[in-house]
Amino acid sequence: MSFADRNNPYSFNDFLAWRQGVDYYADDPFIQKVVRRFTGDIWQQVDAAARAVSAKASSRWRDMAERIARPEERPYMVHYDGHHNRIDRIVRPHDTEIMEKEIFSEAFFAEKTSPWVKLVKMYLIYQNGEACIGCPVTCTEGLVELLNKYADSPETKEILRHCKEGIDGDFAIGAQYLSEIQGGSDVPANVLEAVNDHGVWKLYGTKFFCSATHADYAVVTAKPAGSEKVALFVVPSWLPGNREKEIRNGYTIDRIKWKMGTSELTTAELTYTGAVAYPVGPLDKGVANVVGIVLTFSRLTVGLSAAAYMTRAVREAEKYVAFRDAFGLRLDQFPLVTVQLNRIRQTTRRTTAGAFKLYRDFMNLEGGLKGSQAGDEPLPARRNRFNVRELIMLQKIAASWDCTDVIREAMSLFGGHGVMEDFSCLPRLYRDSAINELWEGPRNVLLTQIHRDMQQAASWYKPEEFVAGILQGLDPAEVQEMADEIQGLVAHPHLFGMDDATIDVCRRWDIFCHKFFHAYQDLALAEVEK
C-alpha cells in the first residue's frame with residue numbers, strides 16, 4: 001500500500017548508475033567464454049584487445065552514439081557554397097566525426113590486427129547501434145578484401161594502403177554503391193554506364209541506395225559501354241587535391257533519404273557525370289565478385305551486429321526488471337517476465353555463439369568463398385566451401401529476423417518506457433535492426449538463392465547430406481527429420497510458380513531454413529557451454 005506524497009521520491013538513479021558504469025566485455029562472462037572457445041591459441045591476445053576497446057565502447061563512444069542519435073543532430077546536405085559552387089557537403093555532428101576517427105584508428109584491417117581481434121572489436125562497438133560506424137566499417141572491410149585480391153595499379157594500391165594502414169594517421173572509409181532504382185538486389189539489371197575515355201574509365205548514370213555517402217572511396221557496379229556484363233570499380237569521392245576545395249569527383253549527391261533507422265548514417269541518391277573510376281577485377285566478373293567478396297563480408301557483419309544489438313538490449317532489460325517494482329514485487333519475480341527473459345537470453349546467446357562459430361568456419365576456408373572451380377579441388381573441400389556460403393546467407397536471414405523480435409520483446413519489459421527514445425537505446429536499436437533485415441538481400445531473395453544453390457549442387461552434394469554434415473552432433477532423430485524435409489523441398493522444380501503446391505513449398509522452405517539455422521546456432525552454443 002502507498003499513501004499520497006506530492007513530492008514523489010521515486011527515481012531511476014540506481015538503474016542509471018549501473019548503466020553508466022557497465023563494461024560491455026568485462027561484465028559479460030558469456031562473451032568471454034565465446035572468445036576463449038572460438039579464438040584458439042590467441043584467445044589471451046583477443047581477450048586483452050577486447051578489454052581495451054570495451055573501455056571506450058562502453059563509455060565514451062556509447063555517450064557519443066547517444067548524442068548523435070537525437071533528431072536535431074541528423075546529417076544534412078549543403079549543395080552549394082556562398083559563391084554558387086556545387087560542393088555537396090554532408091554536414092554531420094562533430095561527435096560523429098571524432099568518434100569515427102577514433103574507431104577507425106583501431107586499424108581493423110591492418111596487417112598487425114588479427115581477424116579475431118577485428119571481429120571482437122566490431123562486436124563490442126556494434127553494441128552502440130549503427131551510430132554511423134557499423135555500415136562504414138563493414139563496407140571498408142569489403143573494399144579491403146576486394147583490393148587485397150585485385151589491386152594492380154598505383155591508384156588501387158594506394159587506396160588499399162589508405163584503408164588498411166592509414167596515411168599520416170588517417171584511415172580511409174569505404175562504401176559500396178550497388179543498387180539502382182529499377183532493382184536493389186537485382187545487380188545484373190544495373191544500367192550505370194562505364195566509358196573508357198582514352199584509358200581512363202568514367203562513370204555516367206544514377207545510383208539509388210548509397211549508404212556511407214561521406215566515405216572516401218566507394219565500390220561501384222557499372223556496365224562497360226556496349227556490354228551486358230557488370231564490372232566493379234573503385235571510385236574516389238575526391239581526386240587528389242580536391243577534397244579541401246570540396247570539388248567532388250564527377251558526381252552529385254542529389255538528396256539524403258529519410259530512413260526508418262540508421263538515421264545517423266547518410267543514405268543518398270547519386271548521379272555520376274563522368275566520375276573517374278578504377279576497375280577492380282575482370283570486367284565480366286563484377287557480379288561474382290560482389291557476391292563472393294563484397295556481400296559476403298556485409299552479410300557476416302549483419303549476423304555479428306544482430307548479436308551485438310541483442311546483447312545490449314537483453315542486458316539492459318535484465319537489469320531493469322531486477323530494479324523495477326510493480327504491484328508489490330520486483331518485475332523479475334513474475335513468472336511471465338522470467339519466461340520472456342529466458343527466451344530472449346537464449347536467442348541472444350545462440351546468435352552470438354553462431355556468429356563466432358560461422359566466422360571460424362569462414363576463416364578456415366582456404367581461398368575464401370571464391371575458390372577453385374568445380375572439379376578443381378577434392379570433394380570434401382568443395383562441400384565445405386558450399387556449406388559456408390549457404391550458412392552465411394542463412395545467418396543473415398535468421399539473425400536479422402530474430403534481432404527485431406528480441407529487441408521488441410526486451411522493450412516490452414520496460415513497459416511504456418520501452419518506446420521512449422530518451423529513456424533507453426532500445427528503440428534506436430530496434431529501428432537499426434529493421435534496416436539490417438533488408439540490407440544485403442531481403443529474406444525472400446536469399447531464400448530463393450539458397451534453394452537454387454541446393455538444386456545446382458544436388459548432383460555432387462545431396463541436400464540431406466548437407467543437413468547431416470552441418471548438424472553432426474545434434475539429436476539423430478531431429479537431424480533425420482530435417483534431412484527428409486529438405487530432400488522433398490529441394491526436389492520441387494523451382495519457387496516461381498503461383499500454383500498451390502509451389503506456394504506451400506515456399507511456406508515450408510521459409511520455416512525450414514529458419515529452423516535449420518537455429519539448430520546450427522544451438523550446436524555452437526553447446527560448444528561454448530561444454
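Could you say which residue among Asp332, Asp361, Asp402 is in a helix (DSSP H, G or I), out of contact with any strand residue (DSSP E or B) (no Cβ under 8 Å at 6 or more places or on another chain), surrounded by 22 or more Cβ atoms within 10 Å (Cβ to Cβ) and among the acidic types (Asp, Glu)? First the steps, then the outcome.
Working: Asp332 fails: surrounded by 22 or more Cβ atoms within 10 Å (Cβ to Cβ); Asp361 fails: surrounded by 22 or more Cβ atoms within 10 Å (Cβ to Cβ).
Residue meeting the stated conditions: Asp402.
Would the range 435-448 turn up any residue that is out of contact with any strand residue (DSSP E or B) (no Cβ under 9 Å at 6 or more places or on another chain), of a type outside the set (Phe, Trp, Tyr) and farther than 30 Å from Met411 by Cα? So far as the range 435-448 goes, yes, one or more of its residues are out of contact with any strand residue (DSSP E or B) (no Cβ under 9 Å at 6 or more places or on another chain), of a type outside the set (Phe, Trp, Tyr) and farther than 30 Å from Met411 by Cα. Annotation note: of Phe466, Phe512, Phe516, Phe496, the sole residue that is in a loop (DSSP other than H, G, I, E, B), in the same structural domain as Asn384 (by TED's automatic domain parsing) and within 23 Å of Lys396 (Cα to Cα) is Phe496. Residue check: Asp376 meets all listed conditions (1) touching a residue at least 24 places away in the same chain (Cβ under 8 Å); (2) more than 21 Å from Pro71 (Cβ to Cβ) but one, namely (1).
Only residues that are among the aliphatic types (A, V, I, L, M) and within 25 Å of Lys149 (Cβ to Cβ): list them for the range 327-371, please. Result: Ala355, Leu358, Met363, Leu365, Leu369. Of the helices (runs of 4 or more DSSP H) lying entirely inside the range 1-100, the ones with 3 or more residues being on the phi < 0 side of the Ramachandran plot and within 21 Å of the chain's Cα centre (by Cα) are found at 29-38, 43-57, 60-68.
Screening Leu489, Leu446, Leu523, Leu474 for residues that are assigned by TED's automatic domain parsing to the domain that holds Lys357 and in contact with a Gly (Cβ under 7 Å, 6 or more places away or on another chain) leaves exactly one candidate, Leu523. Being out of contact with any Lys or Arg (no Cβ under 8 Å at 6 or more places or on another chain), of a type in the set (Gly, Ala, Ser) and closer than 30 Å to Pro71 by Cβ is a property that holds for Gly184. Within the range 307-357, restricting attention to residues that are acidic (Asp, Glu) and over 29 Å from Trp116 (Cα atoms), which residue is farthest from the chain's Cα centre (by Cα)? My answer is Asp325.
For the range 260-275, give me each residue that is surrounded by 17 or more Cβ atoms within 10 Å (Cβ to Cβ) and either at negative phi or outside the structural domain of Lys223 (by TED's automatic domain parsing) (or both). First the steps, then the outcome.
First pass over the range 260-275, keeping only residues surrounded by 17 or more Cβ atoms within 10 Å (Cβ to Cβ): 261-270, 272, 275.
Gly261, Ser263, Glu264, Leu265, Thr266, Thr267, Ala268, Glu269, Leu270, Tyr272, Ala275 - these are the residues of the range 260-275 that are surrounded by 17 or more Cβ atoms within 10 Å (Cβ to Cβ) and either at negative phi or outside the structural domain of Lys223 (by TED's automatic domain parsing) (or both).
A count restricted to the range 101-116 and to residues that are crowded, with 22+ Cβ neighbours inside 10 Å and part of a helix (DSSP H, G or I) stands at 2.
Of the numbered conditions (1) surrounded by 19 or more Cβ atoms within 10 Å (Cβ to Cβ); (2) assigned by TED's automatic domain parsing to the domain that holds Glu269, Gly241 fails exactly one; give the number of that condition. The number of the failed condition is (1).
The values are calculated or read from the model by the stated rules, or taken from the named source; none is laboratory data. Quantities reported herein were computed from a predicted structural model and do not represent experimental measurements. Cβ coordinates were reconstructed from backbone atoms using ideal geometry, including for glycine residues, and neighbour counts include every protein chain displayed.
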